[in-house]
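Student: Mind looking over this structure? Questions follow.
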Amino acid sequence: MDIPQDNSIVSPQTFPYMVAAFASLVGLGLIVSVLRGNHGTPDGDEPGDAFTPLNLKTMAIVATAIGLHVILLEIAGYVIAATVCFWGVAYAFGSRKILKDFCISAAFALIVYFSFSKGLNINLPSGIFEGILK
Amino acid sequence: MGNNFAMLLDGFQTVFTPTNLMFGLLGTFLGTLVGVLPGIGPALAIGLLLPITLTVNPTSALIMFAAIFYGAMYGGSTTSILLNTPGESGSVITALEGNKMAKAGRAGAALATAAIGSFVAGTIATLLLAFGAPVLAEFALTIQPAGYLSLIILAFATVGTLLGTSRLRGLVALSMGLVIGLIGADLQSGALRLTFGNLNAIDGIETVTVIVAIFALASRHTMIKASVLQINGKAWMSREDFKRSWKPWLRGTAIGFPLGVIPAGGSEVPTFLSYGVEKALSKNKDEFGKGAIEGVAGPEAANNANAAGVLVPMLALGLPTSATAAVVLVAFQSFNIQPGPMLFQTNPEIVWGLIASLFVGNFLLLVLNLPLIRFWVMLLKIPTHYLYAGITTFALLGAYALNNSTFDLQVALVIGVVGFLFRRFGVPITPLIIGAILGPLSELYFKRALQISQGDWHILIAGVFPKVIYGILFLVIIGPLVWNFKKQFAVKK
């Protein structure tokens, strides 16, 4: 880390070191606790509830949908990015009516786009609809 | 005291303009909406709407947030009673008796006692807030940096260890929050910390991004399985119900408010305590577990009074101790207003407007909610996959609109994944948010204290105030910890 010349009494490194020490301590404590068999209870479950397996598939699809949103936002514009994201998340949570979902996604994206850009004057990228959606 | 009363009247004057009333009304509507919908609590609702701070004036926006704050709690009780699916943590206890009452055809009475109880508790607690917070703020002006540091450490400890099922996991979440808070340029020296050469990270990670990502992208997506119970007749209560409810309302307020002022870890504790008290004092003990109205009235009042109590340290000290208070703090900061002892002097019109709008919002909710209950119930029929798709998309919009930068969205994605794993493995998320917000503040006070003392670390425990706070810390946190450990050890032997 580059430390600029300064005359302050406390170096900018002091506090981060304290945080690092604290984080290492509790992290180590957690490792010990997990190794001793305390695996944690999913949020909202009571201790002793049936074990819920980690749903990696849903998480992966949701993460992909969000990732696509980030990539598409400034290339293709808000409406397309939001449609893709909405549609993807709905799919991840088990909706299989592809066409109906698409229509709802597009409608949602358009409503949000217009209410924010017109109603609240918050600029969202119009992307490939530049000039059409204005 | 008389002066505060005049200020409060000025506050009402601020609220009673057509624009502000409209924002208040919109807030009550949105608040109830998000309270009813599972998966969105008041913290996320306000977080999602933070982009409006870019264009709406501070007073109107804060009035709307205040209305959302109370509205979400009203809405939460509705889902608890009719669905047995608490919308937020403070309504978990309500579901115990409330859902039983609904099953026995007494949904109307349960909803009514929850709504009126919330109104009574909210009004009393807001009065206490209006007259208590300025007093606390005046006292807080005398607190030295070292004293502030001790208060923040106490907040860290209580939020970190009292929430969730595992103290250790709470502290892990807190430490992650502190690390997030370190990212960016050091305020005093300008040294870049944890930016890894990324220019976007110099300004640090936006708190809003953290909140939105962790609440919306990582929310536990449970599907609603139970069916919505029908309301027979009007949502109102009989004279007998009223007689059985009014004392629990007042007791709930008495339990909820103080536990909000001192950071005692979320709204579960006071609601649980209130439930216990009502069960112990009730003449109809056999009804508990089968739908006792006292078991709805008390905890619902405690829940609302607690929420108002949390605003006291938030406004007077600038110390948020719940996720919702943290978001309200961020809303203040986005208008370049720093809550704390000076707030009542520097921005009286805003803070008194906010307090007045809490009264108004509370009243609007009472008037609007019971008649509209059927409409809210209809909302519960939205398929959950569309609901989550909407929440996710909207959350991303909130994260993006703040700086018009996709860097914030990338951060949101990473934090969302972390939050998802947190929830899966029982790590509470509020300590992370509190850590990220109060971490930089604690460093500031830490440095100020040491600058005053020219680097002598003894200043951190000098004077009466820090000693008292650290004493409390020891009694409340470390004491029980040691005691538990001893007990475990004894059992093992």
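Bear in mind these aren't lab numbers, they're just calculated from the coordinates by the rules spelled out. All figures in this text were calculated on a predicted structure; none of them were measured in a lab. Reconstructed Cβ throughout: ideal geometry from the backbone, glycine too, with neighbour counts over all protein chains shown.
Student: Return B:124, B:152 ranked ascending by Cβ neighbour count within 10 Å, so the fewest neighbours appear first. Write out the running numbers ahead of the final one.
Tutor: Working: B:124 20, B:152 23.
Least crowded to most crowded, the residues run B:124, B:152.
Student: Let me make sure I get this right: for chain B, a, b and c are the square roots of the gyration tensor eigenvalues over alpha carbons, sorted descending. Under 1.5 in a/c it's rounded, otherwise prolate if a/b > b/c, else oblate. Which is it? Let's see the in-between values first.
Tutor: Details: a/c = 1.42, a/b = 1.34, b/c = 1.05.
Rounded, because the longest to shortest axis ratio a/c is under 1.5.
Student: Over all residues in A:86-95, what is the mean tally of Cβ atoms on other chains that come within 10 Å of each residue's Cβ?
Tutor: Mean partner-chain Cβ count within 10 Å for A:86-95: 6.
Student: Can you tell me which of B:416-429, B:57-70 comes out highest on packing, and rank the rest after it, using the mean Cβ neighbours within 10 Å? Mind showing how you got there, number by number?
Tutor: Working: B:416-429: 21.9, B:57-70: 26.3.
Per-residue Cβ counts within 10 Å, averaged per peptide and sorted highest first, yield B:57-70, B:416-429.
Student: Could you work out the helix-only [θ] at 222 nm for the protein assembly as shown, with each DSSP H run of four or more residues adding -39,500 (n - 2.57) and the total divided by the number of residues, to the nearest 500 deg cm²/dmol?
Tutor: Working: 24 runs with 421 residues, N = 627.
Mean residue ellipticity, 222 nm, calculated: -22500 deg cm²/dmol.
Student: Give the Rg/Rh ratio for region A:56-129, taking Rg as the radius of gyration of the Cα atoms and Rh as the Kirkwood radius, to two decimals. Walk me through the intermediate numbers first.
Tutor: Working: Rg = 12.6 Å, Rh = 12.5 Å.
My calculation of the ratio gives 1.01.
Student: Which links in A:97/B:103; B:285/B:381; B:100/B:486; A:97/B:100; B:247/B:486; A:57/A:100 stretch past 30 Å when you go from one Cα to the other? Numbers along the way, then the final one.
Tutor: Details: A:97/B:103 34 Å; B:285/B:381 35 Å; B:100/B:486 40 Å; A:97/B:100 36 Å; B:247/B:486 40 Å; A:57/A:100 23 Å.
Beyond 30 Å: A:97/B:103; B:285/B:381; B:100/B:486; A:97/B:100; B:247/B:486.
Student: Where does each of B:144-151, A:72-79, B:11-18 land if you order them by average Cβ count within 10 Å, highest first? Display every interim value, and only then the final one.
Tutor: Numbers: B:144-151: 22.9, A:72-79: 20.2, B:11-18: 16.4.
Sorting B:144-151, A:72-79, B:11-18 by mean packing, highest first, produces B:144-151, A:72-79, B:11-18.
Student: Classify the protein assembly as shown as rounded, prolate or oblate, taking a ≥ b ≥ c as the square roots of the eigenvalues of its Cα gyration tensor: rounded when a/c is under 1.5, otherwise prolate if a/b is larger than b/c and oblate if not.
Tutor: Working: a/c = 1.29, a/b = 1.08, b/c = 1.20.
Note, shape of the protein assembly as shown comes out rounded.
Student: What's the extension gain from residue A:96 to residue A:38 if we count 0.36 nm per residue and subtract their Cα-Cα distance?
Tutor: Working: separation 58, 0.36 × 58 = 20.88 nm, distance 3.78 nm.
Once the chain is fully extended between residue A:96 and residue A:38, it gains 17.1 nm.
Student: Now for a different question. Can you sort A:39, B:458 by how many other beta carbons sit within 10 Å, fewest first?
Tutor: On the way: A:39 11, B:458 8.
Final ranking by Cβ density, sparse to dense: B:458, A:39.
Student: Could I ask something else about it? Can you tell me the dipole magnitude for chain B around its Cα centre, using point charges on the Cβ only (Lys, Arg +1; Asp, Glu -1), in Debye to the nearest 20? Please report the intermediate quantities before stating the final value.
Tutor: Values: 29 positive and 19 negative charges, 372 e Å.
So the magnitude is around 1780 debye.
Student: What's the average, rounded to a whole number, of partner chain beta-carbon atoms within 10 Å of each residue's beta-carbon in B:182-195? Numbers along the way, then the final one.
Tutor: Values: counts 5, 0, 0, 1, 10, 1, 4, 10, 5, 9, 5, 5, 2, 1.
Whole-number average of other-chain Cβ neighbours for B:182-195 is 4.
Student: If you filter region B:277-345 for trypsin sites (Lys or Arg not before Pro), then keep DSSP loop positions with at most 11 other Cβ within 10 Å, what is left?
Tutor: Details: sites: B:279, B:283, B:285, B:290; in loops: B:283, B:290.
Passing sites in region B:277-345 are B:283.
Student: For A:83, B:253, A:58, what ranking results if the residue with the fewest other Cβ atoms within 10 Å of its Cβ goes first? Could the numbers behind the result be given before it?
Tutor: Details: A:83 24, B:253 28, A:58 17.
Lowest to highest Cβ neighbour count: A:58, A:83, B:253.
Student: Also, I was wondering about something else. For region B:249-261, what does the Karplus curve 6.51 cos²θ - 1.76 cosθ + 1.60, with θ = phi - 60°, yield as ³J(HN,Hα) per residue in whole Hz, taken in order and with x for Gly and Pro?
Tutor: Once θ is set to phi - 60°, the couplings for region B:249-261 become 4, 5, 5, x, 4, 5, 7, x, 5, x, 6, x, 5 Hz.
Student: Treat every Asp and Glu Cβ in the protein assembly as shown as -1 and every Lys and Arg Cβ as +1, leave all other atoms uncharged, and give the resulting dipole magnitude about the Cα centre to the nearest 20 debye.
Tutor: Numbers: 36 positive and 28 negative charges, 408 e Å.
So the magnitude is around 1960 debye.
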